[in-house]
Structures are given as C-alpha cells and as structure tokens.
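The values are calculated or read from the model by the stated rules, or taken from the named source; none is laboratory data. Not measured: the values here are computed from a predicted model. In this analysis, Cβ positions are derived from the backbone assuming ideal geometry, glycine residues included, and neighbour counts consider all displayed protein chains.
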Amino acid sequence: MAQLIKLSNYISRYERDIYHYPSQFSRLKLENWKRLKTLWTNQQATSLLEHKESEEEQTEEKNWRKFFKRQKKQEEDQEEPEQIALPGTELELKQYFLDRLLLFQLKWASTTISEMSFMDQSYKNDSLLQFFLQRIPDNFLLIYCPVFSLKNHLVDGEIILISPLEIEVITMCERPAGQTIIANDERVWYIEERNIQSKVLSPVIALKRTEKIIQSILKNHGLDFPIKRTVLSRDNEIEYKAEPFRINCIGKGEYEEWLKEKQRLISPLKHDQLKVANAVLEHCETTAFSRPEWERESNANEDKNRQNFYEF
C-alpha cells in the first residue's frame, strides 16, 4: 500500500518527520495485519468447531447449550467488548484490512499530534486515491494533488509518485469506456468515439508545469533524481497522431504492465528518496489549525502507545 505523504493542502505527519513515519507505517501495517489474521484464523477455527459439535448433538442438548449461552451473554454484555464481525474468506479479509488502513492513512495525511486540517470527506470515497494507495506497494510515496507555494503564488500540482528509483509525475486522462484518446504533440489532444473526433486540452500542459516545479525544487536543494512524466488512462486506449516528446503514455493496453512493474519493485525505501520527498513537501502549501488542548494530550498518548488495528 503506497504511503500517502501529502494530500492537497492538508497537514501531514510525514512533513513533520519524513525520516520517521514511513518506516513506522510499514511496521504498524505488518504488525496489525498479523494481529488481524490471527484473530480471523481463531474465529474460523471456532466456527468450524461449533459447526461440528452441533451436528453431533441431540436436539435437547442443543437447546440446553443455547440457553446457557444466552444466560452467559446477558451476564457478560456489560463487561465484554463487542466482537468484530470479520469477512468469511482471506481475500475479503485483505480488502477489509486495506479499507481500514486507508482511513488510517487519511488520518495521518490530515493531522499531527498538535494540529489538524479540515479534510473534505469525499476523499474517503475517492476511487482514484484508493487505487493508488491499495494497488501500489508501500515503498512508493504518494503526493496526491498538492498545492505548491512558490514566491507567494499557489499552484495546483498533479499526482506525484516517488519510488526508490525516480519521481513519476502522473496526470489522469480518463474518459467513458468506448472512447479513444488520440495524443498529439501540441496543446490539443483528441477524443474519438464512433469515428467522431472532438478536441480537448492536452494533459501534457499540466504535466510539464508540475515537472518544472519539481525540477526547480530539486535544483534549489542540490538534489539529482530522475523525473518521469506519465499520462495515465486505465479504461481508454491511447493512440498517436504525433507521439509526445518524453511523455510516457499509459493506456488501457499498457496499464496492467505499468502496474505490475511497480508491484515487482522490491527495493526498500532509500535515503535519497526520503530527501527528495522532504524537499518537495517543504514547498507544499499547508493549511492547519491547533487542536484543542485535551485532544492534543489524547493524541500524544496515542502516538506513544503501540497503535493497533482497532485504532485505524
């Protein structure tokens, strides 16, 4: 699961300490998955055991057991926490875990112990954000639609994915299924459907703007890191009138291989990767407010303690 280090102009724990939180996230993710898997395995075993016993029991014995279970539940309702209803299959369990983890990521990308941003709740259902976070490994650092602060000007940026090897600036160009995107090396691209073409503004314009901002940031910090420019469309074919110069066009036919290439990258997080991420974060706009005193104290205690799945 890619790590969401910056979301729009919200405050992020990663911008407070980029060298601490990425490794902490990976550790917490592994620990909580093991804990959840154990809980799920135990529930599955208990369920199978109860099913086997119920087949062997006589009707009278079943009724007695149900009676005592009801009595015990009534006595312990006030003392025992509610049991989590977990999915039935391991595949469903993994998706359940990723969905809970996404909410945890949004929390880290909009709060620190002492400050918070008012996050647009639509991000919880943002399918594109979910795609980047849940399909790409956590050795990738994601900056999702940042707002850059440059010489007192605010500039909207494209999606930025920082791997151990390179920075990939990504702009989405997605249309309804059945439409074909025709790339051109000009300010205008074309959308074709049923042999009818219409003009659209080239996505390369926004892509180049974000690339130039990142190049300037790296130069100011004395950093040298490869930058790749990508136009991505998961559901549309991309054809060419004239292939854009140094632009990686990923359409429906290339999308799966593009994704698998990222999933195959097993390199750990690199120090240079974190330095680059930190430099970019320093030039991102942040709007945040101090938390109330009681909430700061509560979150400080939470951060010191071992965070588990139920806190996601």
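Quick test of your reading of the structure: Lys124 fulfils all but one of (1) without any contact (Cβ under 8 Å) to a residue 60 or more places away in the chain; (2) crowded, with 17+ Cβ neighbours inside 10 Å. Name the failing condition by number.
So the condition that Lys124 fails would be (2).
Given the conditions (1) out of contact with any helix residue (DSSP H, G or I) (no Cβ under 6 Å at 6 or more places or on another chain); (2) in contact (Cβ under 8 Å) with a residue 40 or more places away in the chain, which single one is not true for Leu141?
Of everything listed in (1) out of contact with any helix residue (DSSP H, G or I) (no Cβ under 6 Å at 6 or more places or on another chain); (2) in contact (Cβ under 8 Å) with a residue 40 or more places away in the chain, Leu141 misses just condition (1).
Which numbered condition trips up Pro226, out of (1) in contact with an Asp or Glu (Cβ under 6 Å, 6 or more places away or on another chain); (2) crowded, with 18+ Cβ neighbours inside 10 Å; (3) not aliphatic (A, V, I, L, M)?
Answer for Pro226: the failing condition is (2).
Inside region 230-245, can you point out the residues that are surrounded by 11 or more Cβ atoms within 10 Å (Cβ to Cβ) and either free of Cβ contacts under 8 Å to residues at least 24 places away in the same chain or over 25 Å from Gly157 (Cβ atoms) (or both)?
Of everything in region 230-245, those that are surrounded by 11 or more Cβ atoms within 10 Å (Cβ to Cβ) and either free of Cβ contacts under 8 Å to residues at least 24 places away in the same chain or over 25 Å from Gly157 (Cβ atoms) (or both) turn out to be Glu237, Glu239, Tyr240, Lys241.
If a residue must be more than 19 Å from the chain's Cα centre (by Cα), hydrophobic (A, V, I, L, M, F, W, C) and at pLDDT 95 or above, how many such residues does region 258-312 contain?
Result for region 258-312: 2.
Looking only at region 9-20, decide whether some residue is modelled with pLDDT of 90 or more and in contact with an Asp or Glu (Cβ under 7 Å, 6 or more places away or on another chain).
Looking for residues that are modelled with pLDDT of 90 or more and in contact with an Asp or Glu (Cβ under 7 Å, 6 or more places away or on another chain), one finds at least one in region 9-20, hence yes.
Just the residues that are touching a residue at least 24 places away in the same chain (Cβ under 8 Å) and out of contact with any helix residue (DSSP H, G or I) (no Cβ under 6 Å at 6 or more places or on another chain), please, taken from region 145-155.
Cys145, Pro146, Val147, Ser149, Leu150, Leu154, Val155
Within region 188-200, is there a residue that is assigned to a strand (DSSP E or B) and within 29 Å of Gln273 (Cβ to Cβ)?
Within region 188-200, none of the residues are assigned to a strand (DSSP E or B) and within 29 Å of Gln273 (Cβ to Cβ).
Please state which of the following conditions Ile11 fails to meet, knowing it meets all the rest: (1) in contact with a strand residue (DSSP E or B) (Cβ under 8 Å, 6 or more places away or on another chain); (2) not in a loop (DSSP other than H, G, I, E, B).
(2)
Within the group Ser54, Ser26, which residue is more than 30 Å from Val155 (Cα to Cα), at pLDDT 90 or above and polar (S, T, N, Q)?
Selected residue: Ser26, the only one of Ser54, Ser26 that is more than 30 Å from Val155 (Cα to Cα), at pLDDT 90 or above and polar (S, T, N, Q).
Within the bounds of region 162-183, is there any residue that is among the basic types (Lys, Arg) and more than 19 Å from Cys284 (Cβ to Cβ)?
Within region 162-183, one or more residues are among the basic types (Lys, Arg) and more than 19 Å from Cys284 (Cβ to Cβ).
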